[in-house]
1. Run down the aspartates and glutamates and flag those whose C-alpha is under 15 Å from the C-alpha of K45, throwing out any fewer than 8 positions away in its chain.
2. Each label point is 7 Å from the Cα along the Cα-to-Cβ direction; what then is the distance between the points at E310 and L60, in nm?
3. Could you give the nm distance between label points at Y245 and D229, where each point is 7 Å from its Cα heading toward the beta carbon?
4. Would you calculate the separation in nanometres between label points at I207 and K179, each defined as 7 Å from the Cα along the Cα-to-beta-carbon direction?
5. What order, most packed first, do the peptides 163-174, 98-109 have when packing is the mean number of other Cβ atoms within 10 Å of each residue?
6. Applying 1/(1 + (r/R0)^6) with R0 = 35 Å to the Cβ-Cβ distance of F98 and Q165, what FRET efficiency is obtained, to the nearest 0.05?
7. For a quick protection proxy, order the peptides 150-158, 15-23 by their average other-Cβ count within 10 Å, most packed first.
8. Give the peptides 230-237, 35-42, 203-210 in descending order of average Cβ contacts within 10 Å, highest first.
Amino acid sequence: MIDTAVSLRKEAAVHSFYPNPRDALGCSASAFLSQYPQLYAGRAKIGCPLHISCPGKLNLDGLQALTTIDHMLRFQWHSMVHVFGGNLRSCAKEFEGFKRYQVVSILDLDGVSISMINSTVLGIIKRQAHVDSFCFPETLNRLIIVNAPYFFSVTWKIIKGWIDQRTASKIEIISSADKSKATARLLELVDEEKLVTDYGGSYASLIELILNFENNMRSSKKDQFAKIDRRLTHVMHMHSRALSYSIPLNQGEAMDITILSQNGNAGEAIAAFEIVSPDGTQRCTEEYFTRDSQNPLTTELVLGKNIRGEGKVRLYYHLALATSSVV
């Protein structure tokens, strides 16, 4: 077991376990979280951090437009060593005599369908479970799986084979048909004011916490930033030659539009985007998305900043060459 742990952490250790989440993922952490919500939020009653993951909201097409499985595993190292480790140090300072160097986790399966349980998703889970089991043993205090669909029992039999028996004994599964039971159980583990509103608490909502995460990341930079109140995400499959979207803009709001695309096939693609603001002002840009299979990092293109005017912002796209996916 020790030899396996040493082997698994060898490459990550060379990179100091990826202290910068953007370097780990190859894209911004906020973009990644918009496609796969997962974050530390609040504290359990025993004082240890509370982690929430929502695979039912996982958008596989969006993730594949942003990052790779290898980069997601790097982000796991970042999360465990830097984020989880930082949370534990904060807990030790906050609670006198703190000794629970563990985590209470909520795994929300709301929205998970049979079609989502494919080889790619199972491959991600297997590789993450492998790292957790060998490199971070005994860090799980309790895992509560909520909103489990009727077919999850079959999937659970597969996943259970990837984790040790002691870890499996710490996992509780509550079906989607018994939401009141889930809320009651979570409130046994987490004080109401520390539990997110999505599960019966009064702390904040998951959407608010993800936006707070992004705003905190932006405020850590020295340049000025505007607080983000909401984020809208569209996945565009660029095998189509032309696409358009209408994006609502409310009175008093200002909008930034960013295109993110992961490099895929070798070659080049010329993608032209045009923005039409509610007042009729047109902004047009043309960008070469260079594709390099040896460098699968994300291309980021800021199309428009500080777009104003109540009404519909229209985004038009035209592809001149090649195919890709954009979020």
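Here, each number is a calculation from the coordinates, and none is a lab measurement. Since we're looking at a predicted model, the values are computed, not measured. Note that we place each Cβ from the backbone using ideal geometry, even for glycine, and neighbour counts take in every protein chain shown.
1. Candidates past the 8-residue exclusion: E94, E96, E188, D191, E192, E193.
2. Computed distance between label sites E310 and L60 equals 4.3 nm.
3. Calculated label separation equals 2.0 nm.
4. 1.5
5. Taking the mean over residues of other Cβ atoms within 10 Å, the ranking is 98-109, 163-174.
6. After rounding to 0.05, the efficiency reads 0.80.
7. Numbers: 150-158: 13.0, 15-23: 15.7.
So the order, starting with the most tightly packed, is 15-23, 150-158.
8. In descending order of packing, they fall as 35-42, 203-210, 230-237.
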